[in-house]
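Remarks on the structure that follows.
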Amino acid sequence: MKQAQHKQSEKQSLGRTLLEYALIVAVVVIIMVPLRIFVIEPFQIPTASMDPTIEVGDRVFAEKISYKMDGYVKPGQIVTFKDPANPDITLIKRVIAVGGQSLDLQDGKVVVDGVALDEPYTHGEQSFPLSTTLNGQDMSYPLVVPEGYVWVMGDNRDNSADSRYFGPIPYESISGHAFVTYWPIKNIGLLK
């Protein structure tokens with residue numbers, strides 16, 4: 001009799017444990033899904049276009065709230081956005097200029113509003129125009145970034161398909177501001 005009661009107690013205990021685990025998983029899902037959609041999203045870096053700032057295989061978090069709160073993208077920020085050629089792909093680049101600013105590429109330097117940028121994150125790499133067309137026209141410099149758009153470039157200027165290739169990107173295609181590398185351990189830190 002005691003053995004039957006013990007087995008019954010074990011079944012109830014196992015059932016209770018499984019129910020508790022199921023509730024924990026449900027709570028985590030209920031919290032994490034909206035958090036990922038509206039607040040913060042992880043990304044793994046597949047290419048070297050942001051090297052040396054972000055290396056291939058690094059994992060970063062991008063927050064989504066600041067653009068919704070203040071409505072402004074700032075030059076120097078690293079952003080995630082939809083690839084203009086394939087909206088199913090997310091790219092990550094640095095904002096170089098915003099709507100209304102003039103941009104030029106002179107002797108390997110990026111010049112915004114007549115001032116050559118100091119870009120230590122490129123480690124001396126030079127920035128040259130890429131031979132591209134935008135809306136069927138050859139892209140020529142200097143140019144003015146249209147209002148509602150930003151000009152983005154990878155930190156690895158020799159190996160980055162960026163606005164020199166696809167032109168300025170619309171502000172609404174930006175999905176987040178990448179602010180920290182969380183993996184691998186040796187690269188953990190805030191992004192600058």
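What the table below lists for this structure:
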read-out: When residues of the stretch 115-133 are limited to those that are in contact with a strand residue (DSSP E or B) (Cβ under 7 Å, 6 or more places away or on another chain) and exposed (fewer than 15 other Cβ atoms within 10 Å of the Cβ), the one modelled with the highest pLDDT; value: Ala116
read-out: In the stretch 155-170, residue modelled with the highest pLDDT [restricted to those that are closer than 19 Å to Asp113 by Cβ and part of a helix (DSSP H, G or I)]; value: Ser163
read-out: Residue in the stretch 112-127 that is over 19 Å from Leu191 (Cβ atoms) and within 15 Å of the chain's Cα centre (by Cα) present; value: no
read-out: Condition met for Glu55 (part of a loop (DSSP other than H, G, I, E, B), modelled with pLDDT of 90 or more and more than 16 Å from Tyr149 (Cα to Cα)); value: yes
read-out: Among the residues listed as Val73, Val95, the single one being surrounded by 12 or more Cβ atoms within 10 Å (Cβ to Cβ), within 20 Å of the chain's Cα centre (by Cα), β-branched (Val, Ile, Thr) and modelled with pLDDT of 95 or more; value: Val95
read-out: Condition met for Asp155 (in the same structural domain as Val60 (by TED's automatic domain parsing) and touching a His at 6+ places or on another chain (Cβ under 9 Å)); value: yes
read-out: Residue match in the stretch 138-154 (condition: in a loop (DSSP other than H, G, I, E, B) and without any contact (Cβ under 8 Å) to a residue 24 or more places away in the chain); value: yes
read-out: Number of the condition not met by Gly176 [criteria: (1) at pLDDT 90 or above; (2) loosely packed, with under 14 Cβ neighbours inside 10 Å]; value: (2)
read-out: Within the stretch 58-70, considering residues that are of a type outside the set (A, V, I, L, M, F, W, C) and loosely packed, with under 14 Cβ neighbours inside 10 Å, the one modelled with the highest pLDDT; value: Lys68
read-out: Sole exception among (1) among the hydrophobic types (A, V, I, L, M, F, W, C); (2) closer than 19 Å to Asn86 by Cα; (3) at pLDDT below 90 for Leu190, by number; value: (2)
read-out: Inter-residue pairs, beta-carbon under 6 Å, first within 18 Å of Lys93 (Cα to Cα) and in the stretch 170-186, second of a type in the set (S, T, N, Q) and not in a strand (DSSP E or B), 6+ apart; value: His177/Ser66; His177/Gln77; Thr181/Asn187
read-out: Any chance Tyr165 is more than 15 Å from the chain's Cα centre (by Cα), buried (at least 20 other Cβ atoms within 10 Å of the Cβ) and hydroxyl-bearing (Ser, Thr, Tyr); value: no
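The values are calculated or read from the model by the stated rules, or taken from the named source; none is laboratory data. Please read these numbers as outputs of a predicted model, since none were measured by experiment. Neighbour counts are summed over all protein chains in view; Cβ atoms, including those assigned to glycine, are modelled from backbone coordinates with ideal geometry.
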